[in-house]
Amino acid sequence: MSFEDLLALEHRRLAPQYRARRAEHSSLAPYPTLRKLVRKLTVTPKKQTKKQLKALRRERAALLCVLLEAYQRDFDRLWEAIILTALTPMLSIVRWKFSGGDPDDREGLFLAAVGTVIRTVDPRRKPELIYPIIWMKTKKRVTPKLRKEHEWRNLGIEVEADEVPDETMPAPEEYVLVDIVSQANGGEMARARVPADVLARTCRQIEAYVGREFGCLPTADQRAIYEHVRALKARCKDLEGKTLPTPRPRRAAASVPPESGTHFREGVLAEAGAVESMLEAEAEAATEADSEFEAEVAGDLHIEPLAEAHAAEVGS
């Protein structure tokens, strides 16, 4: 059985008690039955103008402040059930749009956190912003616990946890961080995360996204987030249906071969071989020149060989 079904059963059980105690608070006089009060807090009429929706939010905020004051006096179960009924839209956001654990775990963490918040929040301080204040305080309690929840279903016995990426938090480069002065945070700085692909949408689509994802925040906070995202979009116009120009390929520089040829070692060996051949040719030419010179000298002086001269002496 879901939490909404349990609330419906609680409403039927507490309806007589509400009829008996609603006279304690003048703000509840227009709602004689618990069903009418629940419809006022949860059902939004169709085809409402912005002015009518703004007035409806003010009425709901005033009723919630009255219920919180009554609950914080004696912590009666009647007022607690009505307050949780008024906050069920926040429960749907945590259950289906948050990450970390399964939907039932997220629902349990939200109910535990909001139970603490409605006991301690001051409904007399900025009553027109009571819904955003409860949302921010509850979110601060739920988000750190969801970050510690890991998806262990894909882990095996031999798989180290550090080697498995944490899928509960997206990569930092996939989000754009927007810092604003938040009214819901008491005029202090607050940080919102916007997916980077939102910058590629049109301004009207960005405005619709901010209104859908940050609908629990005041209008001023939504406008501040929208203005920051639009300013970032102005700096990144290339993301909207455009691509960066492809750089022209550079022409390769013409390679100049060295004087000795393409390969240095082959050029050196060729030059060494040529020098060696030239030296050998010069040596052969010098040897031939010496032989011719000796023959000319021997013919002019009539020099006989030493062996023939010795033979002639012995014969005489």
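The values are calculated or read from the model by the stated rules, or taken from the named source; none is laboratory data. What you are looking at is a predicted structure, and each value in this text was computed from that prediction instead of being measured. Every residue, glycine among them, receives a Cβ derived from its backbone with ideal geometry; neighbour counts consider all protein chains shown.
At a glance:
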item	result
Restricting segment 215-253 to residues that are hydrophobic (A, V, I, L, M, F, W, C), modelled with pLDDT of 85 or more and under 24 Å from Ile130 (Cα atoms), the residue that is nearest to the chain's Cα centre (by Cα)	Ile225
Matching residues in segment 1-45 - criterion: being charged (D, E, K, R), touching a residue at least 24 places away in the same chain (Cβ under 8 Å) and farther than 22 Å from Leu111 by Cα	Arg21, Glu24, Arg35
Which listed residue is within 40 Å of the chain's Cα centre (by Cα), in the same structural domain as Met90 (by TED's automatic domain parsing) and exposed (fewer than 12 other Cβ atoms within 10 Å of the Cβ), from Ser26, Ser2	Ser2
Counted residues, segment 181-210 - those being surrounded by 19 or more Cβ atoms within 10 Å (Cβ to Cβ), assigned to a helix (DSSP H, G or I) and either in contact (Cβ under 8 Å) with a residue 40 or more places away in the chain or in the same structural domain as Ile134 (by TED's automatic domain parsing) (or both)	1
Criterion (touching a Pro at 6+ places or on another chain (Cβ under 9 Å) and not assigned by TED's automatic domain parsing to the domain that holds Leu217) met by exactly one of Val38, Val66, Val117, Val43	Val66
Single residue of Arg106, Arg95, Arg125, Arg119 found to be of a type in the set (D, E, K, R), surrounded by fewer than 17 Cβ atoms within 10 Å (Cβ to Cβ) and in contact (Cβ under 8 Å) with a residue 12 or more places away in the chain	Arg119
